[in-house]
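Data first, discussion second: the structure below is written as structure tokens.
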Amino acid sequence: MDKLFGTDGVRGMANIHPMTAEMALRIGAAVGRYFSRDGSSVHRVVIGKDTRLSGYMFENALTAGLTSTGMNVLLLGPVPTPAVGLLTRSMRADLGVMISASHNPAADNGIKFFGPDGFKLSDQVEAEIEALISGGVSPVDATEIGRAKRIDDGRFRYIERVKSSFPRQQSLDGLKVVVDCANGAGHRVAPEALWELGATVIPVGVDPNGHNINDGCGSTHPQLAAETVIAHGADVGICLDGDADRVILLDETGKIGDGDQFMALMAARWAAEGRLANNALVATVMSNLGLEHFLNNKGLHLERTAVGDRYVVERMRAGGFNLGGEQSGHIVMSDYATTGDGLMAGLQFLAEMIRSGQAASTLLNNFEPVPQLLKNVRFSAGQTPLDSASVKAAIAQAETDLAGRGRLLIRKSGTEPLVRVMAEHEDAALMERAVDRVVDAVADAVAG
């Protein structure tokens with residue numbers, strides 16, 4: 001059986017392996033068996049989803065698989081991914097499941113898992129679950145089949161938790177905020193939370209129809225929100241992705257501030273307050289060298305991990321760090337949440353705007369990024385272009401070209417069939433030539 005789990009759960013196009021109803025049924029049965037092996041009589045799982053049409057299909061298939069192993073299922077409906085992590089722990093569930101393909105197009109979907117502690121599963125646990133899926137799971141006796149129940153107040157519980165992370169002595173009165181919810185899981189909770197804290201809210205991307213999630217909106221397409229910020233004279237824009245676990249911020253001019261700029265701001269601020277655990281920030285290999293230089297100049301350290309917020313969280317837990325994230329906008333603040341939370345990160349930024357009295361454009365301009373270029377090459381199932389001798393030679397030459405003042409990173413995406421080629425260098429022209437050398441070699445290997 002092929003490996004099912006990628007960077008963040010199981011993901012792919014709906015109704016094509018592995019994202020079929022049949023496979024979701026098998027996955028549900030396998031995780032149900034795995035998390036009900038302790039011998040106790042009552043086991044429960046919470047399931048959330050985003051707004052994709054296929055979410056209904058996967059919700060039902062997973063529920064069938066889970067209840068067949070005796071798990072009681074609590075259905076949250078559309079809620080952000082961080083809400084599942086929160087409610088798994090607060091509702092004393094054995095397992096949390098989020099049905100979402102995050103920032104991917106509507107035709108894709110995915111299944112993410114949280115353990116009873118509210119944190120995503122480790123590679124080892126995922127490997128054990130894959131073995132159960134491959135071997136098959138026997139259902140329980142008819143008298144032990146689990147029940148399913150709708151939980152109507154899941155999003156309200158989440159809103160209260162998010163608001164509790166905002167300083168009680170502050171409010172958002174007088175602040176005009178554009179929030180782009182990507183027609184996704186945050187389309188109700190984000191505007192409501194901001195409004196309840198006093199902001200004048202201008203929502204976009206809040207009309208999901210099952211097909212328009214991430215379509216020309218959200219963190220991967222912030223142009224709509226940027227235009228709205230300018231048109232309404234807003235102070236700031238908050239762009240979430242489809243499952244609201246990442247955020248891209250916009251200043252009052254519509255300029256984008258990515259996760260690196262936000263992490264620089266928060267790391268410096270928390271360090272000044274004595275709140276930054278071990279004087280370090282955890283980020284992935286994709287974060288800009290400019291961020292690393294910024295932190296070093298303040299006597300702080302950057303811990304780098306593999307791409308994926310799950311790996312950021314694992315390093316944070318292992319090293320006792322409390323701030324981490326990704327350039328793409330996953331921001332993890334373990335004092336408040338167990339996983340990336342776009343809305344919570346947005347609120348922390350608004351709190352800093354109010355505390356400092358500074359404009360978003362100032363707070364999102366903490367360092368000058370080293371020129372960075374990322375290009376993707378798509379490949380087909382079964383292809384291994386990075387094993388090609390010509391690709392290896394191109395990579396070696398590119399590394400030689402960039403040595404000393406930059407770096408090269410080549411990796412396969414964990415969520416899509418893409419080879420990602422990224423480079424950083426002070427000489428932008430040299431950097432582009434190096435990237436193109438590798439991209440061309442990979443494309444030739446794919447073409448065959």
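The values are calculated or read from the model by the stated rules, or taken from the named source; none is laboratory data. The shown structure was predicted, so the numbers you read here are calculated from the model rather than taken from an experiment. Note: ideal-geometry Cβ built from the backbone for every residue, glycine included; neighbour counts use all protein chains shown. With ligands, DNA and RNA removed, areas are computed over all heavy atoms of the protein, side chains included. Shrake-Rupley method; radii C 1.70, N 1.55, O 1.52, S 1.80 Å.
Could you work out how far apart the two model spin labels at ARG317 and ASP141 are, taking each label as a point 7 Å from the Cα in the direction of the beta carbon, and quote it in nm?
3.5
Using a basic spin-label model with each label point 7 Å from the Cα along Cα→Cβ, how many nm lie between GLU160 and ALA447?
About 6.0 nm, to one decimal.
Loop only by DSSP, 15 or fewer other Cβ within 10 Å of the Cβ. Give me the trypsin sites (Lys or Arg not before Pro) in segment 1-88 that pass, ordered by residue number. Walk me through the intermediate numbers first.
On the way: sites: LYS3, ARG11, ARG26, ARG33, ARG37, ARG44, LYS49, ARG52; in loops: LYS3, ARG37, ARG52.
Here the sparse-neighbourhood loop sites are LYS3, ARG37.
Ratio of alpha-carbon Rg to the 2.2 N^0.38 Å globular estimate for segment 26-77, to two decimals, please. Display every interim value, and only then the final one.
Working: Rg = 11.2 Å, N = 52, 2.2 N^0.38 = 9.9 Å.
This ratio for segment 26-77 stands at 1.13.
Determine, from the Cβ-Cβ distance of GLN124 and ARG150 and an R0 of 51 Å, the FRET efficiency 1/(1 + (r/R0)^6), rounded to the nearest 0.05. Don't skip to the end; give the middle numbers.
Numbers: r = 33 Å, r/R0 = 0.65.
For R0 = 51 Å, the calculated efficiency reads 0.95.
Would you kindly give the portion of the calculated P(r) for segment 140-187 that falls above 15 Å, as a percent of all Cα pairs?
On the way: 811 of 1128 pairs.
Roughly 72 percent, once rounded to a whole number.
Quick check: residue separation of SER413 and ALA64 times 0.36 nm, minus the Cα distance between them. What number comes out in nm?
Details: separation 349, 0.36 × 349 = 125.64 nm, distance 3.08 nm.
Length difference between fully extended and current span is 122.6 nm.
Using only the Cα atoms of segment 174-269, construct the convex hull and provide its projected area averaged over every direction, in square nanometres to one decimal. Kindly include the intermediate steps, with their values, before the conclusion.
On the way: hull surface 23.8 nm².
Seen from a random direction, the Cα hull of segment 174-269 projects 6.0 nm² on average.
Tell me the label-point distance for the pair LYS392, TYR56, using the 7 Å Cα-to-Cβ offset, in nm and rounded to one decimal.
5.1
Once you treat every alpha carbon in segment 230-381 as an equal point and sum by Debye, what is log10 I(q)/I(0) at q = 0.09, 0.21 Å⁻¹?
For segment 230-381, the Cα-only Debye profile gives -0.27, -1.43.
How big is D for segment 400-448, in µm² s⁻¹ as a whole number, if Stokes-Einstein is applied with the Kirkwood radius of its Cα pairs at 4 °C and 1.567 mPa s?
Numbers: Rh = 11.5 Å.
For these conditions, the coefficient is 112 µm²/s.
For ILE111, tell me the accessible area in Å² from a 1.4 Å probe, rounded to the nearest 10.
Counting only protein heavy atoms, the figure is 0 Å².
What's the magnitude of the charge dipole for the chain around its Cα centre, counting Lys and Arg as +1 and Asp and Glu as -1 at the beta-carbon? Answer in Debye, nearest 20. Spell out each step's value before the answer.
Working: 42 positive and 54 negative charges, 178 e Å.
Dipole of the chain, to the nearest 20 debye: 860 debye.
How large is the Kirkwood hydrodynamic radius of segment 326-448, in angstrom, based on all distinct alpha carbon pairs? Let's see the in-between values first.
Details: mean 1/r = 0.0587 Å⁻¹.
Value: 17.0 Å, from the Cα pair sum.
Taking θ = phi - 60°, what integer Hz values does the Karplus form 6.51 cos²θ - 1.76 cosθ + 1.60 yield along segment 97-106, in sequence order, with x for Gly and Pro?
Here the 3J(HN,Hα) series is 10, 10, 9, 6, 10, 6, 8, 6, x, 4 Hz.
Averaged across orientations, what area in nm² does the convex hull of the alpha carbons in segment 1-135 project? Kindly include the intermediate steps, with their values, before the conclusion.
On the way: hull surface 28.5 nm².
Its average projected convex-hull area is 7.1 nm².
When a/c is below 1.5 the answer is rounded, else prolate if a/b is larger than b/c, else oblate, so apply that to the chain with a ≥ b ≥ c taken from the square roots of the Cα gyration tensor eigenvalues.
On the way: a/c = 1.69, a/b = 1.15, b/c = 1.47.
Taking the square roots of the gyration eigenvalues as a ≥ b ≥ c, the chain is oblate.
Between ASN209 and LYS3, what's the calculated FRET efficiency when r is the beta-carbon distance and R0 is 35 Å? Round to 0.05. Intermediate results must be reported in sequence, preceding the final value.
On the way: r = 33 Å, r/R0 = 0.96.
So the FRET efficiency works out to roughly 0.55.
Ignoring ligands, DNA and RNA, what accessible area per residue does the chain give at 1.4 Å, in Å²?
On the way: 17840 Å² over 448 residues.
Computed with neighbouring chains in place, this is 40 Å² per residue.
Solvent-accessible area of GLU314, probe 1.4 Å, all protein chains present, reported in Å² to the nearest ten, please.
Near enough 70 Å² of accessible area.
Which lysines does LYS120 reach when only Cα atoms under 19 Å apart count, and residues fewer than 8 places away in its own chain are ignored?
Counting by Cα, and skipping residues close in sequence, LYS120 has these lysines nearby: LYS3, LYS49, LYS112.
When the helices in the chain are scored as -39500 (n - 2.57) per DSSP H run of 4 or longer and the sum is shared across all residues, what 222 nm value do you end up with, to the nearest 500 deg cm²/dmol? Mind showing how you got there, number by number?
Numbers: 14 runs with 167 residues, N = 448.
Result for the chain, helices only: -11500 deg cm²/dmol.
Compute the Kirkwood hydrodynamic radius of segment 85-244, taking the inverse of the mean of 1/r over all pairs of distinct Cα atoms, and give it in Å to one decimal.
18.0
On each of the three principal axes of the Cα atoms of segment 252-302, give max minus min coordinate, whole Å, ordered largest first.
So the extents along the principal axes, rounded to whole Å, are 34, 24, 16.
For LYS176, list the lysines whose Cα falls under 24 Å from its own Cα; do not include residues on the same chain fewer than 8 positions away.
Excluding near neighbours in sequence, the set is LYS163, LYS255.
Using the charge dipole of segment 146-231 (Lys, Arg: +1 at Cβ; Asp, Glu: -1 at Cβ; taken about the Cα centre), state which of GLY198, CYS181, GLY154 has its Cα farthest towards the positive end.
GLY154
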